[in-house]
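Written below as structure tokens is the structure these notes are about.
Only the coordinates and a few stated rules stand behind these numbers; no lab work does. Computed from a prediction, not measured in an experiment: that's the story for all the values here. Ideal geometry is used to build each Cβ from the backbone, glycine not excepted, and the neighbour counts take in all protein chains shown.
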Amino acid sequence: MRDHGLVVQDVEPDSIAGELGVEPGDSLLQVNGKAVLDILDYRYLTAEENLEVLLQKENGEQWLLDIEKDLDEPLGITFVEGGWGKTRSCGNNCIFCFVDQMPSQMRPSLYVKDDDYRLSFAQGNFITLTNTGPQELERIARLRLSPLYISVHTTNPELRREMMMHPRAGEIMSQLTYLADKGIKMHTQAVLCPGINDGEQLDRTIKDLGGLWPAVRSLAVVPVGLTAWREGLYELRPYSRDEARTVIDQVRGWQEAFNSQIEYPFVFASDEFYLISGRLIPDAGQYGGFPQTENGVGLVRLFMDEWEAAARNLPVQVKMPLRGSVATGTLAGPVLQPVIEAINGVKGVQLKLYILENQFFGKTVNVAGLLTGRDLQSSLSGRDLGEVLFVPKVMLRRDDDVFLDDMTVADLAAGLGVAVVAVTGPADLVQYIKTVERWWKNG
């Protein structure tokens, strides 16, 4: 019978583990008498110079390996599932949960509600801590799992329980205070729902979290995302232009207070609030080093600054004429419009900008990153796209050429009859234009 432990997937040749006879299929149970629950325990416990490793072979035989090695020298082992094991799932039923608003028949991974503090540390995933008890909090502190990314939404205990529909949701401030006292750094977010956790409730949240500075490093304020697939769910609405301006003014007031007290703005309104409101995007210096770009805070400013630098490298003309198109969502359209106009000033270049509504999730979903391959194909079929269609790389799965609905870039190119190129930003687009002869001829 196999005990608990990490199952070995591969052993590097000529490694310490290889020389000691460790094989794929073995289970690593303990290091220096302590159980190894996952890859975090493994990394923490094997950082020592002298190790006693309890190993179990597939036939049930147990080996005790005495190892002397250099500090932090790896053993040369990889584990099944990366050593993470089963992902801790979310037990909340948040009134604004985006997963609950997903249409059916998408890839299974998109419906997974993870709420795993280990993935928050390793990958920057936001977690709620409602499934994290005292033992897990102690482990976070002991292993120094920092920084963590915490979805707070509100620090009002009763309101947080109502919004997340979880009996332990109201413990958030005591949990954050414990982690702060143990030296764990945290970045936080509040998904705002109009009339629910904004206004005075947002003031309370900002004040409470700011009081845990410098352990709590930042707070991102993000508007609720609503799809067309909300039948039977809690009644919510998007932010209006005036309401978005109110949120921005509120955040700016707090930023001024924090700048005077701790010389750091601390709280940031997401780009979406600025684009909804029509307000100017703040300068880079107001983003405090951009701590939450993955949360849509400051990406537009980075884009604009990148464009300003890239525009200086635009050629006067290109050797081979280029006719193409660029696709984006309704929110980013106004930001991209002047960029395309400037690029079209290059002799021999003609790009058309297509600002597309989201048909898959609904018109209220306006960010480019949630446009699917089917959105692009249905909206652009039959249109004059030129020789190549440029799409933002944010539309694709990380490190892959696949849209949210599993359509590939190659599928889209075949369906539209043009080359499709994913670009990370304006500098990438300018580089393609400058080298159009080389990359186009080589396909």
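The DSSP beta bridges internal to the stretch 99-296 are antiparallel in roughly 0% of cases. Going 7 Å from the Cα of Val316 in the Cα-to-Cβ direction, what parts of the stretch 341-366 have a backbone nitrogen less than 19 Å from that spot? Flagged as within label range: 342-350. Sorting 57-64, 359-366 by their mean Cβ neighbour count within 10 Å, with the most densely packed peptide first, gives 359-366, 57-64.
Along its principal axes, the stretch 341-442 has C-alpha extents of 38, 26, 26 angstrom, given from the largest down. All Cα-Cα separations within the stretch 99-296 were binned at 5 Å from zero, giving a P(r) of 1, 7, 15, 19, 21, 17, 12, 6, 2, 0, 0, each value a whole percent of the pairs. Distance between the C-alpha centres of the stretch 313-356 and the stretch 80-107: 38 Å, rounded to the whole angstrom. DSSP beta bridges fully contained in the chain are about 40 percent antiparallel.
Go ahead and run the numbers for FRET between Arg279 and Glu12, Cβ-Cβ distance against an R0 of 35 Å, rounding to 0.05. Computed FRET efficiency for Arg279 and Glu12: 0.05.
Backbone N atoms of the stretch 95-116 closer than 12 Å to the 7 Å Cα→Cβ label point of Leu143 belong to residues 116. For the stretch 46-136, the average shadow cast by the Cα convex hull is 9.6 nm², which is a quarter of the hull's surface. Kirkwood-type hydrodynamic radius, the chain: 24.8 Å, calculated from all non-identical alpha-carbon pairs.
Applying the Kirkwood pairwise sum to the alpha-carbon positions of the stretch 222-284 produces a hydrodynamic radius of 13.2 angstrom.
Would you please classify the overall shape of the stretch 357-417 from the alpha carbon gyration tensor, given that a ≥ b ≥ c denote the square roots of the eigenvalues, rounded means a/c under 1.5, and beyond that prolate means a/b larger than b/c while oblate covers the rest? Oblate, since a/c reaches 1.5 and b/c is not below a/b. Cα centroids of the stretch 129-154 and the stretch 193-218: 18 Å apart.
Suppose R0 equals 25 Å. What FRET efficiency, 1/(1 + (r/R0)^6) with r the Cβ-Cβ distance, do Arg237 and Arg107 give to the nearest 0.05? Efficiency at R0 = 25 Å is approximately 0.30. In the chain, the calculated helix contribution to ellipticity at 222 nm averages -9000 deg cm²/dmol per residue, counting -39,500 (n - 2.57) for every DSSP H run with n ≥ 4.
For Lys182 and Asp72, the difference between the fully extended length at 0.36 nm per residue and the C-alpha to C-alpha distance is 37.2 nm. Using the Cβ-Cβ distance between Lys207 and Asn93 with R0 set to 25 Å, the FRET efficiency works out to roughly 0.35.
Compare the Cα positions of Pro291, Leu322, Gln175 along the charge dipole of the chain (+1 at Cβ of Lys, Arg; -1 at Cβ of Asp, Glu; about the Cα centre) and return the one farthest towards the positive end. Checked the options; the winner is Leu322.
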